[in-house]
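Peer 1: Got a structure for you, questions after.
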Amino acid sequence: GHGTDGGEALPDMGAYEARPAALMSLAPDSGILDFPPQHVGGGASAPLSVMVTNSGFVEMAITNTSIYGGDMLEFGHVSSPGPVTLQPGETHILEVTFDPAEAGPRTSELAVMTDAYDEGGGTGYALLKGTGDAPMDMITDGGLAANDEFGAAVCIDGNRLIVGAPGHDSADPVA
């Protein structure tokens, strides 16, 4: 209805009822987790973090997370994938590792599903990228003693590598 102010009619501004929303934001803002090169067979990388923040005004639940597509088996969750409830302004950190099975560029995606009502339907995505380096060859001391000083001298001749152990007793060859 119309109100009055000193006898004059005031216009009806109507009622606007905003539905309080839970809004999700992800960091890094680029939406990309770019892992440093990792040796194939060298085990999982140090974890990289995705920060999921409830930037809305009501409680928000992370209902699930999923790594899918591409090289998904080479990326893994470190932290619990959910469910987690966040109050407005709270942040939850998801950690992901990279353990390449093959050399070369590797990619997948992380999906973070929430009950937020934002335009994206409550799901946020992060691209997961990494490069698998060829496995390293390892040279071992063959069982020499610590005082044999294995590696004190190194020489490369063509495709041969010669490693010195000046403290090794040559009368006791290593098989």
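Peer 1: Determine whether segment 115-127 contains at least one residue that is open to solvent by less than 70 Å² (accessible area, probe 1.4 Å), in contact with an Asp or Glu (Cβ under 8 Å, 6 or more places away or on another chain), modelled with pLDDT of 90 or more and farther than 16 Å from MET51 by Cβ.
Peer 2: First pass over segment 115-127, keeping only residues open to solvent by less than 70 Å² (accessible area, probe 1.4 Å): 115-116, 118, 120-124, 126-127.
From what is left, the residues that are in contact with an Asp or Glu (Cβ under 8 Å, 6 or more places away or on another chain) are 122, 126-127.
Now narrow it down to the ones that are modelled with pLDDT of 90 or more: 126-127.
Remaining after also requiring farther than 16 Å from MET51 by Cβ: none.
No: zero hits.
Peer 1: Next question. Is it true that some residue in segment 87-97 is at pLDDT 85 or above, more than 16 Å from GLY43 (Cβ to Cβ), of a type in the set (D, E, K, R) and surrounded by fewer than 16 Cβ atoms within 10 Å (Cβ to Cβ)? Working first, answer last.
Peer 2: First pass over segment 87-97, keeping only residues at pLDDT 85 or above: 87-97.
Checking the rest, the ones that are also more than 16 Å from GLY43 (Cβ to Cβ) come to 87-94.
In the following step, the residues that additionally are of a type in the set (D, E, K, R) were identified as 90.
Within this subset, residues satisfying the condition of being surrounded by fewer than 16 Cβ atoms within 10 Å (Cβ to Cβ) are 90.
The answer is yes, given that some residue of segment 87-97 is at pLDDT 85 or above, more than 16 Å from GLY43 (Cβ to Cβ), of a type in the set (D, E, K, R) and surrounded by fewer than 16 Cβ atoms within 10 Å (Cβ to Cβ).
Peer 1: Residue by residue through segment 54-83, note down the ones that are among the small types (Gly, Ala, Ser) and either surrounded by 14 or more Cβ atoms within 10 Å (Cβ to Cβ) or over 19 Å from THR97 (Cβ atoms) (or both).
Peer 2: First, pick out the residues of segment 54-83 that are among the small types (Gly, Ala, Ser): 55-56, 61, 66, 69-70, 76, 79-80, 82.
Hits for segment 54-83 are SER55, GLY56, ALA61, SER66, GLY70, GLY76, SER79, GLY82.
Peer 1: Over 18 Å from the mean Cα position of the chain (by Cα) and either in a strand (DSSP E or B) or modelled with pLDDT of 75 or more (or both): which single residue out of ILE139, ILE162 fits that description? Give the steps one after another, and end with the answer.
Peer 2: Numbers: ILE139 fails: either in a strand (DSSP E or B) or modelled with pLDDT of 75 or more (or both).
The unique qualifying residue is ILE162.
The values are calculated or read from the model by the stated rules, or taken from the named source; none is laboratory data. Values in this document were obtained by computation on a predicted structure and should not be read as measured data. Counting neighbours? That spans all protein chains shown, and the Cβs are built from the backbone with ideal geometry, glycine included. Heads up: the accessible areas ignore ligands, DNA and RNA and are worked out on the full protein's heavy atoms, side chains in. Shrake-Rupley method; radii C 1.70, N 1.55, O 1.52, S 1.80 Å.
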